[in-house]
Amino acid sequence: MLSGKNILLGICGGIAAYKICFLIRKFKQNGANVQVVATPNALNFVTKLTLQTLSQNEVKVDEFEKIKNFSPEHISFADSSDIFVIAPATANTISKIANGICDNLLTSVACAFTKPMIFAPAMNTNMWKNSAVQKNIQTLKNKGFRFCDPESGFLACGYNGQGRLCDVEKIFNKVVETLKNGSKLKGKKIVVTAGGTREKIDSVRFLSNYSSGKMGIAIADTAYNQGAEVVLISTVKTSKPYKVVNVDSALEMKDAVEKEFSDSNCLIMAAAVADYRAKEIAEQKIKKTDEDEITLTFVKNPDILKEICTKKGLEQIVIGFCAESQNLIENAKEKILAKGCNFLVANDISRKDTGFSSDYNEVLILDKNGNINKLEKTLKTEIAKEILKVLYCD
Ligand code: PMT
């Protein structure tokens, strides 16, 4: 299952380190080359000799060991490995990596690593619940790193609660799945828009909508995890391991989309773009007057999706979204024709449990030939996987 794959295995100083011996065995039995990088504290729990014998490779700990070919090890490991698994990942190492600290070989490799990384944390339950640790885990998750969360049960420290390293079988399966999916969109450039545009009214006010960017970001993360070169054009500020272009207004989004689309394979417009913008943006805050009413004039924004569809090459795929509060199917059928996109993902935005701001969505995927595929309510991350399937060659 893992033949030809180079797995870099980072082991930190926690009692669960002994369980990683079984993980190394499983990787080896399935044909992988395993290179262990251990923190100095990891060797308090498991010996170098054990890890070396199981992995059949020299175990690396020290960042400043003799450099054989002028290629620093933290860079050469990052370049030559297909995946970096950190198990057990301690609170200390997780927090250092989340904050870009490189004070040993393992954290330096993590900082230089650009391919998929999986963390399998294990620690005392109070350490797991600690708000600083949770914040650092969230930072890493937001950046697209994968986690095999710890399980609940009896811990070596005598506590009962969440913190126990998850089953090594689960870590193994996650590695297999990640490596399998990691190349589905290899070689493809995918541009995704996310969030609601902000149309300025004056120096302190704007017109916008409830889009959180979650749908677009889920698509961008999934495409990245499947090996695509991703450009996310977003009104929501976010830090990712792929390119993010921050925009505010529809006009700014249009410029960014046009710039990135020309050499891309696919554009996915999940952003909620305002149809209108203020005709004039007041330089200063508009003052309250004695009048009971105020009139603002809005002008139409360009339709980014529609315009891009008139320019797209035959091989390029454009996927639009469709947000409706009534007559979803009828409006979606009309919209796919009016916009000219290859696919349209339609969602009902009148619902509170899906659509805007929710972690969930329920959608219809329409194609040009009138076929409709309904995806029942599920996490936006799952919807993203289904949407991207239309891009697979096989
Ligand atoms: O961000 P979330 O909180 O996760 O919410 C997700 C979502 C509800 C915003 C998302 O699922 C969604 O429906 N996005 C499209 C919102 C929208 O603008 O729909 P629309 O039916 O008004 O527009 C149709 C398509 O044209 C969309 O792809 C839109 O990006 C595009 N458009 C619209 C107007 C415009 N001036 N230019 C455009 O390109």
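The values are calculated or read from the model by the stated rules, or taken from the named source; none is laboratory data. Note that the structure is a prediction, hence the values are computed from the model and not measured. In this analysis, Cβ positions are derived from the backbone assuming ideal geometry, glycine residues included, and neighbour counts consider all displayed protein chains. To get the accessible areas, we keep the full protein, side chains included, count just its heavy atoms, and leave off ligands, DNA and RNA. Shrake-Rupley method; radii C 1.70, N 1.55, O 1.52, S 1.80 Å.
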Fill in the blank from the handout: The one condition K306 fails out of (1) modelled with pLDDT of 95 or more; (2) within 20 Å of the chain's Cα centre (by Cα) is (2)
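For the range 326-338, how many residues meet the condition of being more than 30 Å from D263 (Cα to Cα) and more than 10 Å from the ligand (Cβ to nearest atom)? Outline the logic, then answer.
Filtering the range 326-338 for residues more than 30 Å from D263 (Cα to Cα) gives 326-331.
Checking the rest, the ones that are also more than 10 Å from the ligand (Cβ to nearest atom) come to 326-330.
Number of matching residues: 5.
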Handout entry: Unique residue being charged (D, E, K, R) and more than 21 Å from C148 (Cβ to Cβ) when the list is D62, D82
Key = D62
Practice task
Could you tell me which of the residues V133, V175 is among the β-branched types (V, I, T) and under 17 Å from the mean Cα position of the chain (by Cα)?
Solution key: V175
Exercise for the section: Kindly establish whether L207 is among the hydrophobic types (A, V, I, L, M, F, W, C), open to solvent by 20 Å² or more (accessible area, probe 1.4 Å) and modelled with pLDDT under 95. Expected result: no
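Which one of these is away from the ligand (no atom under 14 Å from the Cβ) and in contact with a Pro (Cβ under 9 Å, 6 or more places away or on another chain): L251, L179, L185? Working first, answer last.
Details: L251 fails: away from the ligand (no atom under 14 Å from the Cβ); L185 fails: in contact with a Pro (Cβ under 9 Å, 6 or more places away or on another chain).
Result of the check over L251, L179, L185: L179.
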Fill in the blank from the handout: V230: passes all of (1) without any contact (Cβ under 8 Å) to a residue 24 or more places away in the chain; (2) open to solvent by less than 30 Å² (accessible area, probe 1.4 Å); (3) among the hydrophobic types (A, V, I, L, M, F, W, C) but (1)
Exercise for the section: Look through T47, T53 and report the one residue that is closer than 22 Å to T90 by Cβ, without any contact (Cβ under 8 Å) to a residue 12 or more places away in the chain and open to solvent by 40 Å² or more (accessible area, probe 1.4 Å). Expected result: T47
Exercise for the section: Within the range 86-144, track down each residue that is of a type in the set (S, T, Y) and in contact with a strand residue (DSSP E or B) (Cβ under 8 Å, 6 or more places away or on another chain). Expected result: T90, T93, T125
Exercise for the section: Hand me the list of helices (runs of 4 or more DSSP H) wholly inside the range 60-166 holding 2 or more residues that are in contact (Cβ under 8 Å) with a residue 12 or more places away in the chain, assigned by TED's automatic domain parsing to the domain that holds F45 and surrounded by fewer than 17 Cβ atoms within 10 Å (Cβ to Cβ). Expected result: 73-80, 105-112, 125-129, 131-142
Fill in the blank from the handout: Within the range 278-313, residues assigned to a loop (DSSP other than H, G, I, E, B), surrounded by 11 or more Cβ atoms within 10 Å (Cβ to Cβ) and within 16 Å of the ligand (Cβ to nearest atom) come out as N301, P302, D303, K312
Exercise for the section: Output the number of the condition that K389 fails; it satisfies all remaining conditions of (1) in contact with a Leu (Cβ under 8 Å, 6 or more places away or on another chain); (2) within 18 Å of V318 (Cβ to Cβ). Expected result: (1)
Exercise for the section: State whether one or more residues within the range 329-339 are polar (S, T, N, Q) and closer than 26 Å to I201 by Cβ. Expected result: no
Practice task
Looking only at the range 182-191, decide whether some residue is hydroxyl-bearing (S, T, Y) and in a helix (DSSP H, G or I).
Solution key: no
